[in-house]
Ligand code: ARG
Ligand code: GLU
């Protein structure tokens, strides 16, 4: 009988735990050991070395981390890179004004002189990745205290990073994997002169807007084109007119041949953050508390911004980029919590934990090591939940008010100034110079921010009990007879932190007037809030997070011991990863089956003249009417626009190249489907799909629509 029970549980365990087909974000230097057989079986024609190699040129040399948060790919031997429209959005907005509205009309450089340098956009290319776990943990024993551990890890890492780049122009950083069970070193080249080459109008690049965002079927032409510039030695350099186009080690060929359902696909890029190994206590908090709170706060914020953006073009342009990013995660969290609830993620996690415990308890050594994990997590999450809620209010409510958010930067500046005045070592001059570059107020509209301030303060007071609020803020409110509207008006008419001119003047003469600004009411409130959080919230929160991290670290170790046949992949952490799957459709609900690709015909079907999100440029309609499709049409005679596949992706994978089995580009990743947004926490192979822009649509727009076909001469097209 015992044997039978054991057999049954182990069957259940393995069926739950073997990585499901298509799930996983793999480290490229490990695919040779872990995945290559499976990839070949599924249609990959390349060797592991053609995908990742340190000494020979490989695909990895053409994968770019774009502006820190997105991915791009190199598609010409002159450093031309392709990414999403939404990844280039802040750059497009930066170059736009009411007179030169590139957001609305698009922009295309017709030669290299017209390419626009964009400050703050970087392009990072990985040189090599190295397992440095042993070196990072050197000197730590079972007796080392937690605090000591941290400082050893920090010191070791610093030294390893320094050694790794000695005598080179490279940069290096180390990241923990599996909650600190492993450490990897990344040596990178970081290019700082990146220029905007072109972007379609938003009616193409953002077609469908927030209504279609995170949804399938999709028709967004979500791409933009940039170019990396280097110095004469082909090395990264600050912007200079003397810089020249970067010569890459690998150029990605572009396939015009298309794909069909079931074809192998591979996405190579920089996924930002996933949390696949969380406990049921964490999932409970996310789906039942944190996601719902953040969604409701963002709803309020979006409606206020939207109201003002509709009234004025200047406000629309100023807030466009921010609105899009606030709206994006608002919808993501909504999809995530809906999915987690609908597919009963909590019960699934609980079941898994029960089975894990059963396996652990059957072995004395394992029981001793792993048997108490969930009891401890349960206890910690009870405290952590309360703090986490306060932090959600901090970032989604208080710091959503620009005047407060900006004045927080000035707090740092004052602190440095004080050190300087006392003759201590300080960073005042460097910080001041940095802030002068930050252009805080380029996208600011005081009346909108004032409305936001009033609304957000009201939310804060409503949602956070007074014993969890800074006393100074409350007394300020009481001093205004509990009239938040009056108080907000007072703040905004008596502050220097809500006006571009005043704030800039302040930076120019900072040392002279600093005392004055410290008495500014907005500054006064912000410092009260920041002080409160740094004394009463953040330290305890970090303490809890540390405890959780240690337990998660143990939990993964335990899983690796219990489920020996399972291949584990580390959670995304903005490092280079490979994920592979197949071109595939899905069934969103009973009785409905979606096709795996969309076409220009569908764009015309969705067209709503003059609509904010579904309007179209006349030229695209003309091309459609004339069927002027050139070499870009599919076998069905239509222009393909987007397709779905089962690659496990997340935020940060935007702009990632999607390859066929030959390592040729078939599209640019830009989104996920609504039913699959929960995949950051729990992956479901039947429902989770990544959404890719078909590269033939990209080229069709560049060539036929924008008349920038000259760029195609730089590319390697496979016909
Ligand atoms: N959902 C995609 C991503 O997470 C695209 C977002 C940009 N589009 C938008 N309508 N806000 O980044
Ligand atoms: N649009 C996302 C990004 O900016 C990709 C979609 C996702 O989260 O998978 O990275």
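Looking at region 657-676 only, could you name the residues that are away from ligand 2 (no atom under 16 Å from the Cβ) and either under 21 Å from the mean Cα position of the chain (by Cα) or part of a strand (DSSP E or B) (or both)?
Our first condition is that a residue be away from ligand 2 (no atom under 16 Å from the Cβ); within region 657-676, this holds for 659-666.
Hits for region 657-676 are 659, 665, 666.
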Query raised in the report: If we scan region 61-71, do we find a residue that is more than 16 Å from ligand 2 (Cβ to nearest atom) and without any contact (Cβ under 8 Å) to a residue 60 or more places away in the chain?
Result: no
Exercise. Would you mind stating whether residue 53 is at negative phi, crowded, with 17+ Cβ neighbours inside 10 Å, over 16 Å from the mean Cα position of the chain (by Cα) and not in a helix (DSSP H, G or I)?
Key: yes
Per the filter on region 289-337, residues buried (at least 17 other Cβ atoms within 10 Å of the Cβ), over 28 Å from residue 442 (Cβ atoms) and away from ligand 1 (no atom under 13 Å from the Cβ) are 290, 291, 293, 295, 337
Here the residues within region 120-143 that are modelled with pLDDT under 95 and surrounded by 13 or more Cβ atoms within 10 Å (Cβ to Cβ) are 120
When every residue in region 219-233 that is part of a loop (DSSP other than H, G, I, E, B) and more than 10 Å from ligand 1 (Cβ to nearest atom) is compared, the one nearest to residue 665 (Cα to Cα) is 223
Inset, instruction - With the condition kept exactly as written, say whether any residue in region 397-411 is surrounded by 13 or more Cβ atoms within 10 Å (Cβ to Cβ) and farther than 20 Å from residue 492 by Cα. - result: no
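Collect the residues in region 677-695 that are more than 16 Å from the chain's Cα centre (by Cα) and either within 12 Å of ligand 1 (Cβ to nearest atom) or surrounded by 24 or more Cβ atoms within 10 Å (Cβ to Cβ) (or both), keeping them in residue-number order.
So in region 677-695, the residues more than 16 Å from the chain's Cα centre (by Cα) come out as 682-689, 692-695.
Scanning region 677-695 gives 688, 689, 692, 693, 694, 695.
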Checked 390, 355 against criteria (in a helix (DSSP H, G or I) and either over 30 Å from residue 443 (Cβ atoms) or touching a strand residue (DSSP E or B) at 6+ places or on another chain (Cβ under 8 Å) (or both)); the one match is 355
Of the residues in region 616-656, those that are within 16 Å of ligand 1 (Cβ to nearest atom), in a strand (DSSP E or B) and in contact with a helix residue (DSSP H, G or I) (Cβ under 8 Å, 6 or more places away or on another chain) come to 641, 642
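Within region 585-597, can one find any residue that is within 16 Å of ligand 2 (Cβ to nearest atom) and either farther than 19 Å from residue 259 by Cα or crowded, with 18+ Cβ neighbours inside 10 Å (or both)? Give the derivation first.
Step one: list which residues in region 585-597 are within 16 Å of ligand 2 (Cβ to nearest atom), which gives 586.
Checking which are either farther than 19 Å from residue 259 by Cα or crowded, with 18+ Cβ neighbours inside 10 Å (or both) leaves us with 586.
Looking through region 585-597, at least one residue is within 16 Å of ligand 2 (Cβ to nearest atom) and either farther than 19 Å from residue 259 by Cα or crowded, with 18+ Cβ neighbours inside 10 Å (or both).
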Of the residues in region 697-719, those that are more than 21 Å from residue 115 (Cα to Cα) and buried (at least 24 other Cβ atoms within 10 Å of the Cβ) number 1
Condition set more than 12 Å from ligand 2 (Cβ to nearest atom) and crowded, with 24+ Cβ neighbours inside 10 Å, scope region 81-102, selection nearest to residue 119 (Cα to Cα): answer is 91
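Could we say that residue 113 is within 24 Å of the chain's Cα centre (by Cα), away from ligand 1 (no atom under 16 Å from the Cβ) and either surrounded by fewer than 20 Cβ atoms within 10 Å (Cβ to Cβ) or in a helix (DSSP H, G or I) (or both) here?
Details: within 24 Å of the chain's Cα centre (by Cα): no; away from ligand 1 (no atom under 16 Å from the Cβ): yes; either surrounded by fewer than 20 Cβ atoms within 10 Å (Cβ to Cβ) or in a helix (DSSP H, G or I) (or both): yes.
Against the criterion (within 24 Å of the chain's Cα centre (by Cα), away from ligand 1 (no atom under 16 Å from the Cβ) and either surrounded by fewer than 20 Cβ atoms within 10 Å (Cβ to Cβ) or in a helix (DSSP H, G or I) (or both)), residue 113 does not qualify.
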If you go through 347, 338, the only one that is more than 30 Å from residue 126 (Cβ to Cβ), within 16 Å of ligand 2 (Cβ to nearest atom) and part of a helix (DSSP H, G or I) is 338
Sole miss for residue 186 among (1) within 26 Å of residue 118 (Cα to Cα); (2) outside any strand (DSSP E or B) is condition (2)
Those residues of region 122-180 which are touching a helix residue (DSSP H, G or I) at 6+ places or on another chain (Cβ under 8 Å), under 22 Å from residue 545 (Cβ atoms) and assigned to a strand (DSSP E or B) amount to 173, 174
Scanning region 83-105 for residues that are away from ligand 1 (no atom under 16 Å from the Cβ) and in contact (Cβ under 8 Å) with a residue 24 or more places away in the chain, the one farthest from residue 125 (Cα to Cα) turns out to be 98
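Quick one: which residue in 716, 606 is within 25 Å of residue 252 (Cβ to Cβ) and more than 26 Å from the chain's Cα centre (by Cα)?
Values: 606 fails: within 25 Å of residue 252 (Cβ to Cβ).
Exactly one residue qualifies, and that residue is 716.
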Counting only residues in region 528-566 that are touching a residue at least 24 places away in the same chain (Cβ under 8 Å) and assigned to a loop (DSSP other than H, G, I, E, B), the one farthest from residue 410 (Cα to Cα) is identified as 565
The one condition residue 216 fails out of (1) part of a loop (DSSP other than H, G, I, E, B); (2) away from ligand 2 (no atom under 16 Å from the Cβ) is (2)
Is it the case, given these coordinates, that residue 649 is within 11 Å of ligand 2 (Cβ to nearest atom), in contact (Cβ under 8 Å) with a residue 40 or more places away in the chain, out of contact with any strand residue (DSSP E or B) (no Cβ under 8 Å at 6 or more places or on another chain) and within 29 Å of residue 282 (Cα to Cα)? no
In the set 341, 354, 349, 367, the lone residue that is touching a helix residue (DSSP H, G or I) at 6+ places or on another chain (Cβ under 8 Å), away from ligand 1 (no atom under 16 Å from the Cβ) and without any contact (Cβ under 8 Å) to a residue 12 or more places away in the chain is 367
If you check residue 267 against the conditions, is it over 18 Å from residue 576 (Cα atoms), in contact (Cβ under 8 Å) with a residue 40 or more places away in the chain and not in a loop (DSSP other than H, G, I, E, B)? no
Of the residues in region 321-334, those that are over 17 Å from residue 396 (Cβ atoms) and either modelled with pLDDT of 95 or more or away from ligand 2 (no atom under 16 Å from the Cβ) (or both) come to none
The residue that is nearest to ligand 1 (Cβ to nearest atom), considering only those in region 237-255 that are under 23 Å from residue 654 (Cβ atoms) and part of a loop (DSSP other than H, G, I, E, B), is 252
(1) assigned to a strand (DSSP E or B); (2) over 21 Å from residue 604 (Cα atoms); (3) within 11 Å of ligand 2 (Cβ to nearest atom) all hold for residue 692 apart from (2)
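The values are calculated or read from the model by the stated rules, or taken from the named source; none is laboratory data. What you are looking at is a predicted structure, and each value in this text was computed from that prediction instead of being measured. No Cβ is skipped: glycine too gets one built from the backbone with ideal geometry, and neighbour counts run over all protein chains shown.
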